[in-house]
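Data block below; observations after.
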Amino acid sequence: MDTSEDQFQEEVLQLFAEEGLEWIKQIKVALQELESGATPDKEKKHYDIILRSLTNLMGSAATVELAALQKLTLALVPLLQAMQTKKVPAKPEHFATIRQGIALMYASVQVLHMASQRTIVKANLESIMQLQADGLQRTVAKVQGISKAAPATKRPVSPEATYLGKIVQALLDLKHVRPSSLEPSRNLVELVLRRLHRLSDQESAEVTAASVASILHQLEGLDERFLEETRRRVEMLKQVIAGLKAGTRDPHLQKANLQGGLRDISLLYETAREVGATPIVQFLHGLETLLLEVVYKGVALVPQRVEVVAARVDTLVTMAQEWVEMGRTEQAAIEKALAPLIDKDLART
């Protein structure tokens, strides 16, 4: 790994840590409100905030390959869902367990945030968090067992809340037992979960089979747009790189061409980030940094380096096609996992 890639990984981990701390802060505030005895309408909002923030944290942890943090976060989700749907009556020991889990997450993310060499710290954190996640899972199972031994009076649960809970559980089960043939880096499960929680947070919205199908259709549309944009922008970038290889007697024209290439990179970067195409995002970040140095610092590139960049740009369309194909495979698995729930919901309408 070269110095520029090392630096990029450090920046990615820093961004993750900053976002992670913000999500954990939101979780802590919402949890405190729940423990204080929120009204039923506010209660739903606070649970949704916690579940959405945990889902965001899981998705980002997957992006930076922190599998143990994903496991740690996931350990709390079933308990929170059970408390939200009243399958488990919220008791002090439940909140204490959730606080314990949140404290472990905060400590890990904070260590990463404060570290001077995050890539090294990340490797050490993985083994520690793995043990913590195993312990938290045992604690969650224990407190859920206590609640089942002494059930409280059942309270009515809305069909919408029950349906959403079943969908979320089906998605989490799919993530947990995901077949090896699926590429985990796509993380479509996390994207669907985020959009579901965002939808359920809207007071006027109701999660139905149609809304789930709509989310999957939107994600498919994003993939198609990403592939189309990649093909279009790569052709323009090839022309820019070709100009660098050929050289020019007109520095102003070359600068204008490079600035146009930077605009193409910026637009493609956003599209790639929308679909979570981390390998392409990372390459575009490096290419952008390189061209900025050429344009604004006057750095001259040796022909061999230009050839390497040109070769990498040539592979972008293939990378995008593979990313979209992986998405189709995972989307098919999601549709299969949710089919029984969607069919039942459609049968009721």
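Values quoted throughout were computed directly from the atomic coordinates according to the rules given, and no laboratory measurement underlies them. What you see is a predicted model, and the numbers here were worked out from it, not measured in a lab. Glycine gets a Cβ as well: all are built from the backbone with ideal geometry, and neighbour counts include every protein chain shown.
Which FRET efficiency, nearest 0.05, do residue 290 and residue 217 yield, Cβ-Cβ r, R0 56 Å? Plugging the Cβ-Cβ distance into 1/(1 + (r/R0)^6) gives 0.90. Here the ratio of the Cα radius of gyration of segment 1-153 to 2.2 N^0.38 Å is 1.12.
Rounded to the nearest 0.05, the FRET efficiency derived from the C-beta distance between residue 305 and residue 96 at R0 = 56 Å is 0.50.
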